[in-house]
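Worksheet for the structure shown next.
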Amino acid sequence: MPAATRVERLEARERNPKWKNAPFRIDMSICINCDTCIRHCPTQFGAIFNHGIDVVIIPELCSGCRKCLPPVCPVDCIYEDPDWVPAPGEWWEEPATDDPYS
Ligand code: SF4
Ligand code: SF4
């Protein structure tokens, strides 16, 4: 069954296969950890999290809606990532422990 809802995506750790846009990634060497993007990622996606000192996008949750891009991100460090790889396992712990959307 396609991961059509955020809950299903969290359970299956899968992107919605119907999403046409690539997910985005944060260049952590440029990011200033201001957390603004976290507040602007729509709740139905909820793809951005604090992970330790980093701010990360879980690509499987990111629809590519672009709502986190400048002027939201003040340093323009969020890039389209067509060659994305699955999120590390520990990133998936964040939605349960540090979910700003719950
Ligand atoms: S592109 Fe959209 S879904 Fe992806 S992290 Fe940015 S705001 Fe969230
Ligand atoms: S808005 Fe940009 S600088 Fe701020 S936390 Fe997000 S990616 Fe980092």
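Some values worked out for this structure:
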read-out: With every protein chain in place, the chain: carbon and sulfur % of accessible area (1.4 Å); value: 53
read-out: Residue-normalised accessible area of the chain, given per residue in Å² at a 1.4 Å probe; value: 57
read-out: PHE45, PHE24, ranked by accessible area, largest first (probe 1.4 Å); value: PHE45, PHE24
read-out: Distance between modelled label sites at ASP27 and ARG39, nm, 7 Å Cα→Cβ extension; value: 2.5
read-out: In range of the label at ASN50: residues from the stretch 1-15 whose backbone nitrogen is under 11 Å from the point 7 Å along Cα→Cβ; value: none
read-out: Listed residues HIS40, HIS51 arranged by accessible area, highest first, probe 1.4 Å; value: HIS40, HIS51
read-out: Top positive-direction residue, dipole computed over the stretch 6-97 with Cβ charges, set CYS31, PRO88, ALA12; value: ALA12
read-out: Efficiency of FRET from Cβ geometry, ALA12 and GLU80, R₀ 30 Å, rounded to 0.05; value: 0.80
read-out: Per-residue SASA entry for SER63, accessible area with 1.4 Å probe, Å² rounded to 10; value: 10
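The values are calculated or read from the model by the stated rules, or taken from the named source; none is laboratory data. Note that the coordinates shown come from a computational prediction; the quantities given were computed from them, not determined experimentally. Cβ: placed from backbone, ideal geometry, glycine included. Neighbour counts: every protein chain shown. Just so you know, the surface numbers come from the protein's heavy atoms only, side chains and all, with ligands and any DNA or RNA stripped out. Shrake-Rupley method; radii C 1.70, N 1.55, O 1.52, S 1.80 Å.
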